[in-house]
1. Name, by its number, the condition in (1) assigned to a helix (DSSP H, G or I); (2) modelled with pLDDT under 90; (3) over 19 Å from I65 (Cα atoms); (4) of a type outside the set (V, I, T) that does not hold for P197.
2. Determine the pairs where a residue that is within 16 Å of R119 (Cα to Cα), located within the range 93-107, has a partner that is among the hydroxyl-bearing types (S, T, Y) with Cβ atoms under 6 Å apart, the partner being 6 or more residues away or on another chain.
3. Go through (1) out of contact with any helix residue (DSSP H, G or I) (no Cβ under 7 Å at 6 or more places or on another chain); (2) assigned to a helix (DSSP H, G or I) one by one and return the number of the condition D112 breaks.
4. Please determine, by comparing only the residues of the range 151-194 that are β-branched (V, I, T), outside any helix (DSSP H, G or I) and over 15 Å from P23 (Cβ atoms), which one is modelled with the lowest pLDDT.
5. Going through the range 154-168 one residue at a time, which ones are surrounded by 15 or more Cβ atoms within 10 Å (Cβ to Cβ) and over 18 Å from W131 (Cα atoms)?
6. Provide a single number: the residues in the range 169-198 that are more than 17 Å from A125 (Cβ to Cβ) and surrounded by 23 or more Cβ atoms within 10 Å (Cβ to Cβ).
7. Out of all the residues in the range 28-54, which are of a type in the set (G, A, S) and within 18 Å of D112 (Cα to Cα)?
8. Take the residues in the range 154-176 that are touching a residue at least 40 places away in the same chain (Cβ under 8 Å) and in contact with a Pro (Cβ under 7 Å, 6 or more places away or on another chain), then tell me which one is nearest to M205 (Cα to Cα).
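The values are calculated or read from the model by the stated rules, or taken from the named source; none is laboratory data. It should be emphasised that the depicted structure is a prediction, and the values quoted were computed from it without experimental measurement. In this analysis, Cβ positions are derived from the backbone assuming ideal geometry, glycine residues included, and neighbour counts consider all displayed protein chains.
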Amino acid sequence: MLAGPLTLIGFAVGAIPIGHFVPPFIAPDETAVQVASMYAAHATRIRWGAMISMISLSMLAPWGIAVAVQTRRLGARSQTLCYVQIACAAISTTIIVFMCMFWAIPAFRPGDVPPDIVRVLNDIAYFLIVWPYFPFTIWVLSVGLAVLLDSGDEPVFPRWVGYFSIWNAISYLPAGFMCFFHNGPIAWTGALALYVPLASFFTWMVIITVYGFRNLRRTAGAMPPGYA
C-alpha cells in the first residue's frame, strides 16, 4: 500500500512546483509559436518534472494490485472484479506514463522542432492526463462493487467506501468532452475536465490507502505468535 502515498507525493512534486503541468502552463487555445516558446524557455524544469512524474506514477500499478488483493478476500464473487482491477490498473498506469513521455519529448530538442509538432505533442500529453478516463472509471467501479458485495461480519472496507467509489467514477465523465472545447470548464484547463477528476481520483486513493493500511494492521494482529 506504500506505493499509493509515493505516487501521490511524487506526482504532486513533479507536476506542480517543478513541471508546472498542473495547473497547465499552456492553454488549449494558444498558438503553436507560443507553445514552442514555452517549451524552449522552460525545457529543463519540464524534463525534470516529466521524469519525476513518470517515476512516481509508475507506482500506481503495484498500488492497484495491492488493492485488488485485499478485495479478493471478499469471496468468490469478487474474484472477477479483482482481475478487472488489475487489468485497469495496468492500462491506466500505461496511459499516464505515456503522458509524461509526451511532455518530455518536446523539451528534448528545444527550438529544433517545428512549433506545430511541439503543440501536437503537448496536446497529446494533456489529452492523456484525463481524456482516456474510462479505464479509471471501470477500475474505481470494480473496487466499489467489490466493496458493496462484501457480506462478511468484518468488512474489508466500509460500505460507504463502495458508494463513494461509484460516485467518484461518475465524476470523471466530463473529462470525455474536453476534445470539443478549447476554453471553459470542460477544456483541459477547466474545473470539470481537469481539477474535479484529478481531485476525485486522488481523494479516492487516499481513502483506499488509509483503509488498506488498517486492513494490513488488522491482518497482522490476527496472526498467531511466531507466524512468519
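1. Answer for P197: the failing condition is (2).
2. Filtered contacts from the range 93-107: C100/S53; P106/Y39; A107/Y39.
3. Among (1) out of contact with any helix residue (DSSP H, G or I) (no Cβ under 7 Å at 6 or more places or on another chain); (2) assigned to a helix (DSSP H, G or I), the lone unmet condition for D112 is (2).
4. Here is the first cut: in the range 151-194, the residues β-branched (V, I, T) are 156, 161, 166, 170, 186, 189.
Next cut, outside any helix (DSSP H, G or I) only: 156, 186, 189.
Among the residues that remain, those that are also over 15 Å from P23 (Cβ atoms) are: 156, 186.
On the way: V156: 81, I186: 91.
Ranking the candidates gives V156 first.
5. Across the range 154-168, the qualifying residues are P155, V156, F157, V161, G162, F164, S165, I166.
6. Result for the range 169-198: 1.
7. Those that are of a type in the set (G, A, S) and within 18 Å of D112 (Cα to Cα): A32, A36, S37, A40, A41, A43.
8. The selected residue is Y172.
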